[in-house]
There are 2 protein chains.
Amino acid sequence: MHKWQAVVVVLSAAFTAQADEGMWTFNGFPSADVKAKYGFQPTQDWLDRVRLASVRIAGGCSASLVSKNGLVMTNHHCAHHCIEQLSSLSAKKQDFIKNGFWAAAPADELKCPDMEMNQLVQITDVTAKVQDATKNTPADKFAEVQRSAIAAIEKDCATSDEFRCDVVTLYRGGRYDLYKYQRFQDVRLVFAPELPIAFFGGDPDNFMFPRYDLDMSFLRLYGKDGKALETPAFFPFSAAGAKDGELTFVSGNPGGTSRLLTVAQLMMDRDVRWPGTIARYSELRGLLTEYQLRGAEQKRHSTSNLFGVENSLKAIKGRHAALADPAFFESFVKAEADFRKKVDANPKLKKAYGGAWDGVAAGVAKARLLRKAYVALEGGPLGDLFGAARSLVRYAAESKKPNGDRLREFTESRLPQLKHQLTGGSPIYPELETALLSWSLVKIREDLGPDHPAVKKLLGGKSPEELAKSLVGATKLADKKVRADLFTGGAAAIEASKDAMIEFARLLDDDARALRKKWEDEVDGPIKKNAELIAKARFEVFGTKTYPDATFTLRLSYGKVLGFSDDGTAVAPFTTIGGAFGRHTGQDPFALPKSWLDAKAKLNLETPFNLATTNDIIGGNSGSPMFNQKAEIVGLVFDGNIYSLGGEYGFDEKVNRAVAVDSRAIVESLKNVYGATRLVDELTPAPAK
Amino acid sequence: MHKWQAVVVVLSAAFTAQADEGMWTFNGFPSADVKAKYGFQPTQDWLDRVRLASVRIAGGCSASLVSKNGLVMTNHHCAHHCIEQLSSLSAKKQDFIKNGFWAAAPADELKCPDMEMNQLVQITDVTAKVQDATKNTPADKFAEVQRSAIAAIEKDCATSDEFRCDVVTLYRGGRYDLYKYQRFQDVRLVFAPELPIAFFGGDPDNFMFPRYDLDMSFLRLYGKDGKALETPAFFPFSAAGAKDGELTFVSGNPGGTSRLLTVAQLMMDRDVRWPGTIARYSELRGLLTEYQLRGAEQKRHSTSNLFGVENSLKAIKGRHAALADPAFFESFVKAEADFRKKVDANPKLKKAYGGAWDGVAAGVAKARLLRKAYVALEGGPLGDLFGAARSLVRYAAESKKPNGDRLREFTESRLPQLKHQLTGGSPIYPELETALLSWSLVKIREDLGPDHPAVKKLLGGKSPEELAKSLVGATKLADKKVRADLFTGGAAAIEASKDAMIEFARLLDDDARALRKKWEDEVDGPIKKNAELIAKARFEVFGTKTYPDATFTLRLSYGKVLGFSDDGTAVAPFTTIGGAFGRHTGQDPFALPKSWLDAKAKLNLETPFNLATTNDIIGGNSGSPMFNQKAEIVGLVFDGNIYSLGGEYGFDEKVNRAVAVDSRAIVESLKNVYGATRLVDELTPAPAK
């Protein structure tokens, strides 16, 4: 875990990416550098096509258009929730998670209850507008004033429900861009393999390479007319795949990185945030692991939850391990000291920016004090029922306010997505809801203490188990029609509701809101204001030719197919389909599905299965297309290796690898395992003569 | 959590305890300081009597003799395991955990299956012997050579099974004392209240004050003749109890503190050890929480396990939080820098000790690399069945070696305890064994990776669940006669055994032993050798009038009854029995038992229930007697407040408090709730006329 130590120096000293480092914005892509290094210079046309062929899944994944008829490719784990929901909703209670799904005919394609996809259609620089709004604003009002200014910009942009507009904070406040998305809410499932091959190796192999996963699914966008959407910008499949050393691009939505944080913020991550989150997720993991033993149905309906927890946990442990490395951490300390020295050496810079680090530290000190209560009250009770109740209660209050005064998730430009979530037909599992709500109430009591007024009010003398059971039993919010009626009825209907879960959410809301306000004023405000100053100082000292921290917005990374050395062992960049059969033990999670065992003789076992590249990615990039310079698909990103987890804080080209399903394995398995001819033909149309 | 910051300076600069700080050895007690501060000077007779009236529970608690007939007082949670075992073994499957236990007549006192108590009868300084043995020994052989020397000293001392002898490393190697204990293996349960009042407030109130717990139990030592043991040294009960501000002593066995560690070791605790342990225990906590829902019997037999995990977890989170405080941590960094400066300023000291800190750091660096594998292979699979199998397999191998070459727990002086553990009649719960073994196998695979040769060998292509189920189903080790026969049969019998669990333990043993050897050579050796040098330097620079880190050996602490300020709120030092009724909600863990609700009218509600004092204690002190200058019981230590958890690293008299059951509540409840007249009469005999 001491392999990242060289990184930070690169980042902060020269502050240009010398390795294949960087999650670049589409309006700041270093085409000339790529040309210099790889001999290929992306044109503006090429960039535009790639941008439009890339889509984001609102829930937190990336995806790509892979045919002119709206066909979308993403990971199995990005569609897992939809696949699970469709199983629950299917008339014959078919288990599509276990058995896979294939719409042999177009009419068999099934609508995902609450999936939304977004396509980035426009980027506008709004830095001046946003920064002007907060000029001379004191730290404790900074976040509030900025939020209001951003809400106004977003509302002007989102001219109809068809669009989503987000002001994105780049470089921690050095730049603000307005991202305008086309939104698609009719997304249908076309194909999914069985979970045992999609997630072959399970949690033990997660974030590992070599790897043997068919972590893919296909969906399709439909228009308002109920027909498959026409999508002129898409990625065709590469017939040849990628070679060792070949230039590869990845276009997707990395969720977040922390490469520009101050040392005070990194200490908080290392000492408070990650240990706290590891404790919480580990406990939940243990609980869900044992919950799965309650029965087959309980296992089925809790699997995507457990996967989510285990996946996050492994990622967070990796991030924590990076910061726990003394030399790596020391490199941040040194880089920050050097940077501050440069600022302090110039009287003008010193006056403008010299105090910014202490300003951030003051916000962090408050965060340390408030975090536990914030997580308890604002992270709060778990479960879809409580989530719906809280959204409705807050929607009632927020919808009466002017747009600029609202909590961000209730501003005008966010309402279409809220409505989609609330009124979608996601099935709800009362038994799981009870278990999660009960456990999370115990955590709230633990974090605040049994004598905290909010805890006394919430529990009202009941035990967490008893309360959870009675709330889940009494609420009607599991019925999507009830939720839809309340949302449509607006504040009047919601405020009149006596639904048990809504009354419960109401009980918590004042305390939670008060804390959220405190957090905005005392933590967010000072940090945002001072981070903006540091960002400006960084531009002045190191220049602007750099990339911002990830923000779950569209980024383009370049790199190449490349193996690596894992503690002295050379790891080749490709695995083969034959290797998966070698790893098969017959025991979960190393059990290939029957379809694969039956198809073995038909398969070309030499077909490359997964591959590793130097592309700089992170969580949120799941489902991203990996493509060559002709913008043809050579892979489907689904993971990074274990060293990629430290990528949160710094990129180390020696060992950090993106991991993808090879395009050739996708075609080979669709053809020879699944006989999905219609899909293969759509992905690889016969060349025009 | 930023209240400890002043502490370290005291510890390392002047390095004498100015506050009521210190877990003092009986041969190094600062009687004159107590006289100066409190006007009472303990005499050697007084100290001897207190020492002999204090007993240690081998499993990890403290206790005291409270009558001349071998009556022992300790916490309920220290006897929980025995109470649970006696429930399982009772003919009518009575639940003594839920309903309490009371031997109305002497003949009703029930023998605990595997409890052992030790009484410290002699302390001998063996520093020269131990230090001479390792003179000129290189770091990588240091631990091994020392272990061998210690085994010889211990063997010479333990002249029969009646004695246990331990060489105790004090001041991290500054001094070595030989502790000789009388051992008692016939310990019988006399009285235990119901768990809901023993642990009123449960995990939410654990480590909190104000508090309302009757965390007590009474046991009795029996001699080899099967009669109650005569114990002339004991603590009589105080009729009046303690007053606010009164001088109090606590005699007990604090398990361990880390106040003398180097910064490199503290960083390892903060960044690696505690986060890793928090993850592991949190997951186990979640698992057991959900396991309890399998049914009433499962709940009963897993409760003491869950309590142990939750208790450790809360303690460890507190320790981690102390180190995560930037100012507190910085105070260690500064103190160490000052100390090293003083050493380096003197050429003689510099030559002898100057390199010692880097020597410790080198051992720590190795520990960082090896820890995960060490925990996996040596911490290994969980469960009593595996534990017994591993002990037997190792006993077979170790018993053939000369005493000095053996693993420490198999040296001659340790064998009586091993035999007692293996041949005792502890009931074993196959369902729980399967759950724990299965989970821990998943952890081993996770920590080492599925491709590690040891993992492949262990699992042999099976899933952890499947393997655990088959091992627990096949082994005969749940039968105490089988274990006893194997132990008595020795190496020949054990090596001939084809028991499934024994074969499984064999499979793991080479890898685990190899790693343990590596750890001893590369981690323990360098750390022990260099810590000894630092200890010597400390004596030379700061003098010897100080106390060593805790080592689960008998220590004496002085202090006084005192409230504290909890984030601005004044907390009084006493609670009352009436307060418990005020806190009663009827819902677990805030539900008083029926016996208490029925007795309310008879109880004096003003009786002090729990009290807080400045005595410096830590985990392992549970069950310690708290007494006045006449060596009369005024309380029964069962906990510390939340600030006491930072006591691992430093003592802050402003907020660190020991928490005890008041002697008056003990008598009041025995009389008026339980009608345990026989016991009350024994504790408070009519004064001789």
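Quick look at the values:
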quantity: Hydrodynamic radius by Kirkwood, which averages 1/r over all alpha carbon pairs of region B:105-173, in angstrom; calculated: 14.8
quantity: Residues of type aspartates and glutamates that B:Lys224 reaches as a straight line, Cα spacing below 19 Å, ignoring anything fewer than 8 places off in the same chain; calculated: B:Asp108, B:Glu109, B:Asp114, B:Glu116, B:Asp161, B:Glu162, B:Asp186
quantity: Ratio Rg/Rh [Cα only; Rh per Kirkwood] for region A:167-283; calculated: 1.03
quantity: With 5 Å bins from 0: P(r) over region A:594-689, alpha-carbon pairs, percent; calculated: 3, 13, 18, 19, 17, 13, 9, 6, 2, 0
quantity: Computed label-point distance, nm, for sites B:Lys135 and B:Asn69 using a 7 Å Cα→Cβ extension; calculated: 5.6
quantity: Karplus-derived HN-Hα couplings along region B:97-114 (A = 6.51, B = -1.76, C = 1.60, θ = phi - 60°), whole Hz, x at Gly and Pro; calculated: 5, 6, 9, x, 9, 8, 8, 4, 10, x, 5, 7, 5, 10, 6, 6, x, 9
quantity: Length gained when the stretch A:Asp161-A:Glu378 is fully extended (0.36 nm per residue, less Cα-Cα span); calculated: 75.3 nm
quantity: Charge sum, other residues only, whose C-beta stays under 12 Å from B:Leu670's C-beta, Lys/Arg counted +1 and Asp/Glu -1; calculated: 0
quantity: From the C-alpha gyration tensor of region A:481-548, square roots of 5λ in Å; calculated: 44, 17, 8
quantity: FRET efficiency for A:Asp244 and A:Asp588, using Cβ-Cβ distance with R0 set to 35 Å, rounded to 0.05; calculated: 0.60
quantity: Principal axis dimensions, region A:498-637 - Cα atoms, whole angstrom, descending; calculated: 64, 57, 35
quantity: Karplus-derived 3J(HN,Hα), 6.51/-1.76/1.60, for each residue of region B:587-604, Hz, glycine and proline x; calculated: 10, 3, x, 10, 10, 5, x, 4, 4, 6, 4, 5, 8, 3, 5, 7, 7, 7
quantity: Where only alpha carbons of region B:317-464 are counted, the Rg and the Dmax (Å); calculated: 22.1, 64
quantity: Exercise: per-residue mean of other protein chain Cβ atoms within 10 Å, B:204-215; calculated: 1
quantity: Contour minus Cα-Cα distance for A:Lys545 and A:Glu606 (0.36 nm per residue); calculated: 17.7 nm
quantity: Expected 222 nm ellipticity per residue - DSSP helices of 4 or more, -39500 (n - 2.57), all of the protein assembly as shown, to 500; calculated: -14000 deg cm²/dmol
quantity: Separation in nanometres of the label points that stand 7 Å from Cα toward Cβ, at B:Arg516 and B:Ala337; calculated: 4.2
quantity: Shortest-first nm distances, B:Lys456 label point to equivalent points in other copies (7 Å, Cα→Cβ); calculated: 6.2
quantity: Length gained when the stretch A:Thr569-A:Asp598 is fully extended (0.36 nm per residue, less Cα-Cα span); calculated: 7.1 nm
quantity: J(HN,Hα) series, region A:633-650, from Karplus relation 6.51 cos²θ - 1.76 cosθ + 1.60, nearest Hz, glycine and proline x; calculated: 5, 10, x, 10, 5, 9, 6, x, 6, 4, 6, 5, 5, x, x, 3, 10, x
quantity: Å³ per residue enclosed by the Cα convex hull of region B:218-375; calculated: 290
quantity: For A:Thr127, label point 7 Å along C-beta direction: distances to other copies, nm; calculated: 6.7
quantity: Region B:136-217 - Debye-derived log10 I(q)/I(0), Cα point model, q = 0.12 Å⁻¹; calculated: -0.69
quantity: Paramagnetic reach from B:Asp358 in region B:517-542 [backbone N under 15 Å; point 7 Å along Cα→Cβ]; calculated: B:530
quantity: Cα-based Kirkwood hydrodynamic radius, region A:601-647, one decimal, Å; calculated: 12.4
quantity: Whole-angstrom gap from region A:226-295 to region A:490-544, using each part's C-alpha centre; calculated: 24
quantity: Quarter of Cα convex hull surface for region B:58-138, i.e. mean projection, nm²; calculated: 9.0
quantity: Under the Debye formula (equal points on every Cα, no solvent term), log10 I(q)/I(0) of chain A at q = 0.09, 0.10 Å⁻¹; calculated: -0.80, -1.01
quantity: Longest segment of chain B lacking GluC sites (Glu not before Pro) that sit in a DSSP loop with at most 13 other Cβ atoms within 10 Å; calculated: B:231-605
quantity: Average Cα contact separation per residue, region B:158-310, under 8 Å, 6 or more apart, as relative contact order %; calculated: 14
quantity: Carbon and sulfur %, accessible surface of region B:392-474 computed with the full protein complex present, 1.4 Å; calculated: 54
quantity: Semi-axes of the equivalent ellipsoid for the protein assembly as shown, Cα gyration tensor, largest first, Å; calculated: 56, 34, 34
quantity: Label spacing, shortest first and in nm, from B:Asp588 to its equivalents in the remaining copies (7 angstrom along Cα→Cβ); calculated: 2.9
quantity: Accessible surface, per residue, of region A:315-438 when the full set of protein chains is kept, probe 1.4 Å, Å²; calculated: 39
quantity: Qualifying trypsin sites (Lys or Arg not before Pro) in region B:460-507, DSSP loop, other Cβ atoms within 10 Å at most 10; calculated: B:Lys498
quantity: Radius of gyration and maximum dimension Dmax of region B:425-529, Cα, Å; calculated: 16.1, 46
quantity: For region A:52-190, the Rg and Dmax computed from alpha carbons only, in angstrom; calculated: 19.6, 63
quantity: Semi-axes of the equivalent ellipsoid for region A:263-342, Cα gyration tensor, largest first, Å; calculated: 38, 9, 8
quantity: Per residue, the convex hull volume that the Cα atoms of region A:566-626 enclose (Å³); calculated: 155
quantity: Chain A - percent relative contact order, Cα under 8 Å, separation 6 or more; calculated: 26
quantity: Residue among B:Ser399, A:Cys78, B:Val130 farthest towards the positive dipole end of the protein assembly as shown, charges placed on Cβ; calculated: B:Val130
quantity: Cross-link partners of A:Lys351 among aspartates and glutamates (Cα-Cα below 18 Å; sequence separation of 8 or more within a chain); calculated: A:Glu336, A:Asp338, A:Glu532, A:Glu540
quantity: Relative counts (whole %) of C-alpha pair distances in region B:432-489, using bins that are 10 Å wide; calculated: 23, 41, 27, 10
quantity: Mean-position separation - Cα centroids, region B:345-379 and region A:636-679, in angstrom; calculated: 41
quantity: Filter on A:Lys129/A:Lys372; A:Lys419/A:Lys476; B:Lys314/B:Lys443; A:Lys317/A:Lys350 - keep pairs with C-alpha separation over 27 Å; calculated: A:Lys129/A:Lys372; A:Lys317/A:Lys350
quantity: For region B:242-294, average projected area of the Cα convex hull in nm²; calculated: 7.6
quantity: Reach of A:Lys560 by Cα under 22 Å, taken over lysines that are not fewer than 8 positions away in the same chain; calculated: A:Lys3, A:Lys35, A:Lys37, A:Lys243, A:Lys545, A:Lys630, A:Lys654
quantity: Scattering curve values for region B:339-415, log₁₀ I(q)/I(0), Debye with Cα scatterers, q = 0.11, 0.17, 0.27 Å⁻¹; calculated: -0.57, -0.82, -1.12
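The values are calculated or read from the model by the stated rules, or taken from the named source; none is laboratory data. Fair warning: this is a prediction, and the values are worked out from it, not measured in the lab. As a convention, Cβ positions derive from the backbone with ideal geometry for all residues, glycine included, and neighbour counts pool all protein chains shown. Heads up: the accessible areas ignore ligands, DNA and RNA and are worked out on the full protein's heavy atoms, side chains in. Shrake-Rupley method; radii C 1.70, N 1.55, O 1.52, S 1.80 Å.
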